[in-house]
Amino acid sequence: DGRWFSRCKKLKKITIPKSLGNIDFGRICRECYSLEMIEIDSDNQAYLAIDGIVYDKSRTKVLYCPQGFKGELIIPDGITSIKGGAFLGCSKLEAISIPESVTTIESHAFENSGLKSVVIPGSVKTIEESVFSCCTELKKVIIKDGVETIGRLAFEFCTGLTDITIPSSVTEIVDYS
């Protein structure tokens with residue numbers, strides 16, 4: 001069913017050969033909390049890894065961050081999209097820098113991650129559903145001018161959230177209904 005390494009709690013590194021494509025990393029690595037790095041053969045036609053993080057080969061979309069990744073991540077400039085669930089369960093991810101090139105952050109992208117603060121650039125027009133849901137360590141959120149919509153349950157169960165800046169460009173906060 002595509003859960004190759006699911007619940008391999010001691011697995012630290014996976015190396016993907018050039019022959020593999022069409023991988024749902026979040027599914028095959030489900031609950032691999034010690035997984036810190038994914039390496040991908042440079043000749044792989046679908047994916048590329050930078051510092052253990054998986055991107056599409058054209059280097060426009062963040063696809064997957066291993067759940068054991070620790071510390072801060074700087075997303076490279078030129079990335080335009082963060083896939084839904086890309087950072088799901090990354091409890092040791094404390095900080096992330098999102099460049100202005102990012103226009104889309106899909107639903108559940110950072111759910112249950114360890115982020116402590118985040119700045120969402122104005123290039124992102126919509127903060128989709130449940131993007132930061134269950135980020136209990138999240139204390140400060142700055143939403144830059146340009147963001148227009150905050151999706152349903154975007155900050156649900158962010159029990160540590162003490163400071164959020166919402167600009168006047170936000171015209172809709174989607175209600176749960």
> Which whole-number percent gives the relative contact order of segment 1-84, counting Cα pairs below 8 Å spaced six or more residues apart?
Replying inline: 25
> Given a 1.4 Å probe, how much area per residue of the chain is accessible, in Å²?
Replying inline: 49
> At a 1.4 Å probe radius, carbon and sulfur cover how many percent of the accessible area of the chain?
Replying inline: 49
>> With both bridge residues required to lie in the chain, what share of the DSSP beta bridges run antiparallel, to the nearest 5%?
In response: 20
>> Using a 7 Å offset from the Cα along the Cα-to-Cβ direction at both Val170 and Arg27, what is the distance between the two label points in nm, to one decimal?
In response: 3.4
> Roughly speaking, what is the centre-to-centre gap between segment 7-35 and segment 39-64 when only Cα atoms are used, to the nearest Å?
Replying inline: 13
> So who's got an amide H within less than 5 Å of the one on Leu73, skipping anything under 5 residues away but keeping other chains? H placed 1.01 Å off N, in plane.
Replying inline: Ala95, Ile96, Ser97
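Around Leu93, with a cut-off of 14 angstrom between Cβ atoms, what is the net charge of the other residues, counting Lys and Arg +1 and Asp and Glu -1?
Neighbour charge sum, excluding Leu93 itself: -3.
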> If you count, for each residue, the other Cβ atoms within 10 Å and average over each peptide, how do 37-45, 114-122 line up from highest to lowest?
Replying inline: 114-122, 37-45
>> How many angstrom lie between the Cα centre of segment 134-177 and the Cα centre of segment 84-98?
In response: 16
>> If I model a spin label at Arg7 and Phe157 as a point 7 Å from the Cα along the Cα→Cβ vector, what separation in nanometres do I get?
In response: 2.0
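Checking the a/c ratio against 1.5 first, then a/b against b/c, what shape does the Cα gyration tensor give for segment 1-97?
Working: a/c = 1.62, a/b = 1.04, b/c = 1.55.
The shape class here is oblate.
Work out the P(r) tail for segment 134-177: percent of alpha carbon pairs separated by more than 17 Å, whole number. Show your work: numbers first, answer last.
On the way: 340 of 946 pairs.
Counting pairs separated by more than 17 Å, the tail of P(r) holds 36 percent.
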> From the list (1) 36, 29, 18; (2) 24, 19, 17; (3) 28, 18, 14, can you say which value of semi-axes √(5λ) of the Cα gyration tensor in Å was derived from the structure given?
Replying inline: (3)
> Once amide H atoms are placed 1.01 Å from N in the peptide plane, what residues at a sequence separation of 5 or more from Tyr47, or on another chain, have their amide H within under 5 Å of its amide H?
Replying inline: Lys57
> Using θ = phi - 60° and the Karplus curve 6.51 cos²θ - 1.76 cosθ + 1.60, what whole-Hz ³J(HN,Hα) does each residue of segment 134-141 get, with Gly and Pro shown as x?
Replying inline: 6, 8, 5, 8, 5, 10, 9, 10
> What FRET efficiency would be calculated for the residue pair Ala46, Glu72, taking the C-beta separation as r and a Förster radius of 30 Å, to the nearest 0.05?
Replying inline: 0.65
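State whether segment 71-148 is rounded, prolate or oblate according to the following rule on the C-alpha gyration tensor (a ≥ b ≥ c being the square roots of its eigenvalues): a/c under 1.5 gives rounded; otherwise a/b larger than b/c gives prolate, and the remaining case gives oblate. Please list the in-between numbers first.
On the way: a/c = 1.45, a/b = 1.37, b/c = 1.05.
Cα axes put segment 71-148 in the rounded bin.
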> What are the residues whose amide H is under 5 Å from the amide H of Leu138, where those residues sit 5 or more places off or on another chain and H is modelled from the backbone?
Replying inline: Gly160
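The values are calculated or read from the model by the stated rules, or taken from the named source; none is laboratory data. Small disclaimer: the values here were computed from a predicted structure and weren't measured. In this analysis, Cβ positions are derived from the backbone assuming ideal geometry, glycine residues included, and neighbour counts consider all displayed protein chains. All accessible areas refer to the heavy atoms of the entire protein, side chains included, with ligands and DNA or RNA removed. Shrake-Rupley method; radii C 1.70, N 1.55, O 1.52, S 1.80 Å.
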